[in-house]
Amino acid sequence: MERKTWKREKLRPTQPFFVLDSTEFLQESYRQMGISHFYQLKKTQGMPLATIPDACIDFLFSFEKDGTMTALVRGTSLMFRRDLLPEATDIFGVRFMPGTHPAGLSLKLHDLIGLRLPLRDCLPESFDFDGLARQKTFVTRVRFFLKEYAKLYHLQKEPDPFGKEALFDAVCELIYQTDGQIRISELSEHTSYTDRYIRKVFQEEMGFPPKTFCNILRFQRAIEFINYGYEEKTADWMTALGYYDQAQCVRDFRKYLGMTPNRYRKLVRASSYEQRATYAHDLGLRI
């Protein structure tokens with residue numbers, strides 16, 4: 001049996017209840033054009049999905065039996081919620097990297113905190129929603145979405161290298177690469193902007209301070225530790241993620257997940273999380 005240990009791989013921002021609440025779950029990493037990964041899930045009609053903070057934007061497409069499709073854009077929440085797409089049964093999703101503003105999206109990240117809005121109202125009319133609605137499989141949905149999204153992505157203008165957008169992107173990347181283990185003073189050193197200005201720009205773009213972004217990414221990495229059964233002792237990975245002590249970690253879990261790390265660990269073990277969160281390449285699919 002292969003021993004699982006923590007490797008310094010890029011964080012995959014996750015919504016664990018998309019896996020735990022589904023009857024079937026499929027995902028595939030992408031890591032291009034600001035996209036973290038694609039996923040598809042089947043669930044029981046009438047049961048809403050639960051969400052946790054991830055600092056990400058999701059595009060969600062719900063496919064109905066009559067051939068219609070509902071499209072939503074989901075902004076990050078700042079607490080545990082269970083109210084997403086209760087009537088949906090077949091959902092295809094695109095999760096963008098933490099802090100990434102999707103190409104073509106007319107709203108800013110801070111406009112979407114805690115909200116779910118019709119995506120057709122937020123993307124250009126050129127995006128072929130009807131064509132996506134006709135796609136029946138995970139792979140064809142991914143390929144069709146990428147074809148349409150690439151058009152929007154390549155129309156984007158490069159941000160002013162000394163503007164607010166470029167600074168925000170640089171700060172997000174620094175925080176992401178360190179799993180949130182970076183001080184504002186260090187961000188200032190890396191970017192040559194003052195602490196105060198960094199906080200101001202980040203608040204304007206994201207809707208919350210960089211410290212909150214750090215805390216969410218650290219929490220997301222802790223969730224990943226538990227989901228995939230890394231064998232390090234709890235105290236070891238808590239220290240590795242920059243928690244001062246167990247109490248601080250427990251506070252984050254209660255705030256963002258509504259339960260302790262130990263209770264969450266029991267939940268994912270009882271539900272066989274790792275076996276349920278299937279990767280497309282494990283099924284022989286190539287995107």
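The values are calculated or read from the model by the stated rules, or taken from the named source; none is laboratory data. Quantities reported herein were computed from a predicted structural model and do not represent experimental measurements. Reconstructed Cβ throughout: ideal geometry from the backbone, glycine too, with neighbour counts over all protein chains shown. Heavy atoms of the whole protein, side chains included, go into the accessibility calculation; ligands, DNA and RNA do not. Shrake-Rupley method; radii C 1.70, N 1.55, O 1.52, S 1.80 Å.
With respect to the numbered conditions (1) in contact with a His (Cβ under 9 Å, 6 or more places away or on another chain); (2) at pLDDT 95 or above, which one is the sole condition not fulfilled by Lys108? All conditions pass for Lys108, except number (2).
Conditions tested, residue by residue: (1) open to solvent by 30 Å² or more (accessible area, probe 1.4 Å); (2) closer than 21 Å to Phe80 by Cα; (3) at pLDDT below 90.
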residue	(1), (2), (3)
Ile184	no, no, no
Cys214	no, yes, no
Phe225	no, yes, yes
Glu231	yes, no, yes
Thr234	yes, no, yes
Trp237	no, no, yes
Ala240	yes, no, yes
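Taken over region 185-229, the criterion of being over 15 Å from Ser77 (Cα atoms), outside any helix (DSSP H, G or I) and within 23 Å of the chain's Cα centre (by Cα) is satisfied by Tyr228, Gly229.
Okay, residues lined up against (1) at pLDDT below 95; (2) touching a helix residue (DSSP H, G or I) at 6+ places or on another chain (Cβ under 9 Å):
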site: Leu85; (1), (2): no, no
site: Pro102; (1), (2): no, yes
site: Arg120; (1), (2): no, yes
site: Leu123; (1), (2): no, yes
site: Leu146; (1), (2): no, no
site: Tyr153; (1), (2): no, no
site: Pro159; (1), (2): yes, yes
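Candidates Ala55, Ala88: the one that is under 25 Å from Asp130 (Cβ atoms), open to solvent by less than 10 Å² (accessible area, probe 1.4 Å) and not in a strand (DSSP E or B) is Ala88. The listed residues are Arg120, Arg143, and the only one of them that is touching a residue at least 40 places away in the same chain (Cβ under 8 Å), more than 16 Å from Met33 (Cβ to Cβ) and open to solvent by 10 Å² or more (accessible area, probe 1.4 Å) turns out to be Arg120. Among the residues of region 62-85, those that are closer than 18 Å to Asp21 by Cβ, assigned to a loop (DSSP other than H, G, I, E, B) and either open to solvent by less than 10 Å² (accessible area, probe 1.4 Å) or not aliphatic (A, V, I, L, M) (or both) comprise Ser77, Phe80. Is it true that Arg218 is open to solvent by 10 Å² or more (accessible area, probe 1.4 Å), more than 22 Å from Asp21 (Cα to Cα) and of a type in the set (Lys, Arg)? Answer is yes for this residue. Taken over region 251-278, the criterion of being aliphatic (A, V, I, L, M) and either surrounded by 13 or more Cβ atoms within 10 Å (Cβ to Cβ) or in contact with a Ser or Thr (Cβ under 8 Å, 6 or more places away or on another chain) (or both) is satisfied by Leu257, Met259, Leu267, Val268, Ala277.
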